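A.B. asks: What follows is a single structure, and I will ask about it in a moment.
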Amino acid sequence: MALEFIPTVWASRLLTALGSALVYGQAGVCNRDYEGEIRRSGNTVKIASIGDVTIDDYTKDEDIAEPEALTDEDQSLLIDQAKYFNFYVDSIDRAQQNVNVLDEAMRRSAWKLRDKADTFLASTLEAVVPVGNTIGTVGTPKVPTKDDAYEYLVDLSVLLDEANTPIDGRFVVVPAWFHGLLLKDERFIKSGTRRSDAAIRNGEVGEAAGFSILKSNNVPNTTGTKYKIMAGHSIATAYVEQIVDVQTYKPEKRFGDAVKGLHVYGAKVVRPTNLAMLIASKS
């Protein structure tokens, strides 16, 4: 903005913008095992896996079968997302303010990049949850109440049990209104409080039904209805990201400072059966 030289007094502190925490992209929700060194958008990470090993009966004093040739396959994780920021602060603006605008702008840029990545990850997970691991439908979503919201978490847990999902490290990401229902249930109040010395994940608000409960405003939804509440384990999804470049520069035809940065990332659900989803609308 253009500033006139008038005796305006600027506050010594900026009003810090509110930002979303990285929920879906953090360790414990996605794994970062294949991250490596990503240089640019368009790179591909090959994720190899082997098939099951056959178990046979052994009989004493009899030869065992010939060794089994293992089958292998790979999945491709494409780093196909690229987002950038590029902002400029005029020298006059900086001269008239006794606050560090550049630092706060960088902080805000980081929050916005993380929010974009989190939204992308949420939609990536939601798109591949098996129908058999889904409770409710878009056409007929469930409508939880304070009396049965906890029960739906138990149902999600059972679906994951049936898919041989590891018990330790399970998560579920809920919208604020669903967390509000849980807070009205005595079962959550009694079991949902974590120890004060525990390592808290971004957005974590407690534990219930074998899950770490994470709260996010990025839960996929259809115009405020039909929320896709996803549960699972980090073994299901691989996520890779890299800040490829951050540069400060002087715009040729301006007096001021500019900063630009590039963030590339991609995700792949490698074990969709280790995810489950509740499609629900507000009560």
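A.B. asks: Can you tell me the order of 160-170, 203-213 when each peptide is scored by its average per-residue count of other Cβ atoms within 10 angstrom, highest first?
C.D. replies: The packing order, highest mean first, is 203-213, 160-170.
A.B. asks: Let me ask another. Dimensions of region 133-283 along principal axes (Cα, Å, largest first)?
C.D. replies: Per principal axis, max minus min of the Cα coordinates gives 63, 42, 31 Å.
A.B. asks: Can you tell me which of 112-121, 130-139 comes out highest on packing, and rank the rest after it, using the mean Cβ neighbours within 10 Å?
C.D. replies: 112-121, 130-139
A.B. asks: Then there is this: Multiplying the sequence separation of residue 167 and residue 252 by 0.36 nm and subtracting their Cα-Cα distance, what value in nm do you get?
C.D. replies: Additional length available on full extension: 24.9 nm.
A.B. asks: In which sequence would 265, 58, 34 go, from the one with the fewest C-beta neighbours within 10 Å to the one with the most?
C.D. replies: 58, 34, 265
Readers should treat all values here as calculations from the given coordinates under stated rules, not as data from a laboratory. Here the structure is a predicted model, which is why all the values come from computation and not from measurement. Glycine gets a Cβ as well: all are built from the backbone with ideal geometry, and neighbour counts include every protein chain shown.
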